[in-house]
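Input: a single structure, listed below in structure tokens.
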Amino acid sequence: PNVGSTASLLLSKDECQDLSQAYVERAFDPMTANTNAPHIHTGTARHDGTYLALKRKELEELQKQDGRKRIFVINWRDVARTNPAYGQAVQAAILRKGAQHPAILTEYENVETAQTGRLFDSRRIALIFNPATPAHTAPMQDARYVVTIDVGGTDLNDSLVSQRDGSASHDHDMTVATVHQVTATSGSASLNLLSTVDQLTISGQNVLDDTPARQRLFAYIGLWQPLRIVVDSTGLGVGLASALINHYGSKVTPFQFTAATKTQLLNDWLALIETGRYKHYRDDSIDCQRFIRQLEKCEHQYRGNLIQWGIPAHVTWRHPVTLQDEPIHDDHLISAALVAIIADSNLQPREITSVQPSRNAVTRRNRQDD
């Protein structure tokens, strides 16, 4: 609609982080050709691949050449000097998400993040594991727990494995159930602190139907008597979600993965990590080693306002027991992240605080199939 319009004195382009460079060059740049009128580019930082970021880099080079200032960056503190209410709102957002959360850096600090690359750097991994969180071999009396489940594929039809995006793969990913202890943070605000204390891995077995593998999963959940259960209900996972709802009723929260919901899941989980509300046990178990490897290899890429994140398909790891190289997926990573769905829920203590483990319960010594 802008093609053919003219701007003889000045052309101001707002929200440049959302503009396509190709579209700007086709529709906007010719508008000032007859007078060579100046352009103003405004917007909010997002990542270093946006049109706004590319234009900033271009103008920085011009500044180096002639010394004329062309770039002006305003952060939230600059605005707060004239609008204290805005400053209070931003400070509240920082308390909720953490000063290094991508949304805080881009929206309020006006600092660009990387368009693609490693998602969990050494600083963020240190936040997850420090201070050390003890693993639990069984529920502790008076403790509160929630369970989150990432549903893996299984051999149902010529070894084709259903993926979260609905495609098929011949690689086995795993069903991972993660147990988180719920405690309250200190301070006036009563927030939930989530500490991962145990995980169950079921590899290459059918949990979508009433099989021994599913019975084992249900026994594991029953051992921990969770207040809430979050389960991946994408694709074939809807069958397991339905079975859990039939058994546990309103305690179950099904979660469907889409590009938008996975982006929101990441933002919510990063907020927990950056504010110290999410911790994970660390030991020599296979589950923990897999989780660490997945953190180290997880990558992200911005696509518009959405973030695609996960483990690249080519990544492998060497199993510390079998010493065999095998594909590594994001099973443990996603299972842990799902706790962000209920992190701010009202997780009241259960009525029964003494748990007697059943004979079929899975402990840390025999919780894995591999």
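The values are calculated or read from the model by the stated rules, or taken from the named source; none is laboratory data. All figures in this text were calculated on a predicted structure; none of them were measured in a lab. Ideal geometry is used to build each Cβ from the backbone, glycine not excepted, and the neighbour counts take in all protein chains shown. Protein only, heavy atoms only, side chains kept; ligands, DNA and RNA dropped before computing areas. Shrake-Rupley method; radii C 1.70, N 1.55, O 1.52, S 1.80 Å.
Scanning segment 275-294 for residues that are surrounded by fewer than 21 Cβ atoms within 10 Å (Cβ to Cβ) and acidic (Asp, Glu) turns up Asp283, Asp284. Restricting attention to segment 144-202, the residues that are within 21 Å of Ile221 (Cα to Cα) and modelled with pLDDT of 65 or more total 31.
Residues that are within 31 Å of the chain's Cα centre (by Cα) and over 16 Å from Val73 (Cα atoms) within segment 23-49 comprise just one, Gly49.
Please tell me if Ala53 is in contact (Cβ under 8 Å) with a residue 40 or more places away in the chain and outside any loop (DSSP other than H, G, I, E, B). Yes: the conditions hold for Ala53. Among the candidates Gly4, Gly43, the residue that is open to solvent by less than 80 Å² (accessible area, probe 1.4 Å), part of a loop (DSSP other than H, G, I, E, B) and modelled with pLDDT under 90 is uniquely Gly4. Taking segment 245-344 as the region of interest, the helices (runs of 4 or more DSSP H) fully inside it that hold 3 or more residues being charged (D, E, K, R) are 259-274, 286-297. Looking at segment 303-313, is at least one residue among the polar types (S, T, N, Q), open to solvent by 70 Å² or more (accessible area, probe 1.4 Å) and under 21 Å from the mean Cα position of the chain (by Cα)? For segment 303-313, residues among the polar types (S, T, N, Q), open to solvent by 70 Å² or more (accessible area, probe 1.4 Å) and under 21 Å from the mean Cα position of the chain (by Cα): present.
Against the list (1) free of Cβ contacts under 8 Å to residues at least 24 places away in the same chain; (2) in a loop (DSSP other than H, G, I, E, B); (3) open to solvent by 50 Å² or more (accessible area, probe 1.4 Å); (4) touching a helix residue (DSSP H, G or I) at 6+ places or on another chain (Cβ under 6 Å), the condition Gln100 fails is (1).
Out of curiosity, is Ala213 out of contact with any Phe, Trp or Tyr (no Cβ under 9 Å at 6 or more places or on another chain), in a helix (DSSP H, G or I) and at pLDDT below 95? It is true that Ala213 is out of contact with any Phe, Trp or Tyr (no Cβ under 9 Å at 6 or more places or on another chain), in a helix (DSSP H, G or I) and at pLDDT below 95. For segment 235-269, residues that are surrounded by 17 or more Cβ atoms within 10 Å (Cβ to Cβ) and on the phi > 0 side of the Ramachandran plot total 1.
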